[in-house]
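Below is one structure, written out as structure tokens, with a few remarks after it.
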Amino acid sequence: MVSPVTVVKSEGPKLVPFFKATCVYFVLWLPSSSPSWVSALIKCLPIFCLWLFLLAHGLGFLLLVFSALGDAFLIWQDQGYLVHGLLMFAVTHMLYASAFGMRPLALRTGLVMAVLSGLCYVLLYPCLSGAFTYLVGVYVALIGFMGWRAMAGLRLVGAAWRWTELAAGSGALFFIISDLTIALNKFCFPVPYSRALIMSTYYAAQMLIALSAVESREPVEDYRLSKAN
């Protein structure tokens, strides 16, 4: 098992561009009331840095492409591009779920996530109207499914504990918090400091999921070696 300290020492320096880009976003804090290509670029820059991080490890970047497109569309959500952003992130969650795989199945975890997803939709439902009544319902189901697959292998105690699953599960949880805050703020009521909460949890989610993708390679290689011996 790779320890968190080892992960920080080996991968931390490679994430410096991501942290710097994230700091640039929060320091500049360009007004959301005046969307522009510059604000879209600043918002997407941390995701681009994570793309370079994954590329350096020989991993694909398709997931982050759809995330970046979703970020760009949400810059202009008040101009009618909210649905476009919703669809881009729906694709992202489907791709993430596929990457996490279906092993182990973890039906109990799936049941818990189904109940929590249902509760979230019940909370949002009175605030929704028109096509969003169905679109948000589908989106909640997709992100709940992604969260299930991310947390399926999570073990917090014992010898089965692995940093990979903890990073994936934590990333999925942060993603759910970020998107739930967006929905509450957009459809139900103003959430205090919503933008700061949304973006901090979103960037944390993407970073942790990227780390889990990198770290998941070593356990697989170790498993193959053990079978060969």
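Brief remarks follow.
- Rh (Kirkwood; distinct C-alpha pairs) - region 50-94, Å: 10.9
- Surface exposure of the chain, expressed per residue as accessible area with a 1.4 Å probe, stands at 54 Å².
- The chain: relative contact order in percent, alpha carbon pairs under 8 Å with at least 6 residues between: 17
- Among (1) 1.21; (2) 1.04; (3) 1.37, the entry that matches Cα Rg over 2.2 N^0.38 Å as calculated here: (2)
- Cα→Cβ-extended label distance, 7 Å offset, between Leu55 and Phe26, nm: 2.6
- Peptides ranked, highest mean first, by Cβ atoms within 10 Å: ranges 44-57, 181-194: 44-57, 181-194
- 25 °C / 0.890 mPa s Stokes-Einstein diffusion coefficient of region 61-146, Kirkwood radius on C-alpha pairs, µm²/s: 177
- Farthest towards the positive end of the charge dipole of region 95-196, among the residues Leu180, Trp148, Pro126, is the Cα of Trp148, using unit charges on the Cβ of Lys, Arg, Asp and Glu.
- Rounded to the nearest 500, the helix-only mean residue ellipticity at 222 nm of the chain stands at -24500 deg cm²/dmol, with each DSSP H run of n ≥ 4 adding -39,500 (n - 2.57).
- Cβ-placed point charges (K, R +1; D, E -1), dipole of the chain about Cα centre in debye, nearest 20: 280
- Ligands, DNA and RNA left out, the 1.4 Å accessible surface of the chain is 72% carbon and sulfur atoms.
- Scanning the chain for DSSP H helices at least 15 Å long along the axis (C-alpha atoms) with a Kyte-Doolittle mean no lower than 1.0 picks out 16-28, 37-56, 62-75, 82-100, 107-124, 132-151, 163-183.
The values are calculated or read from the model by the stated rules, or taken from the named source; none is laboratory data. Treat the numbers as computed from the prediction; the structure is a model and nothing was measured. Using ideal geometry, Cβ is built from the backbone for each residue, glycine included, and neighbour counts are taken over all protein chains shown. The protein model used for the area step is the full one, side chains on, heavy atoms only, and it has no ligands, DNA or RNA in it. Shrake-Rupley method; radii C 1.70, N 1.55, O 1.52, S 1.80 Å.
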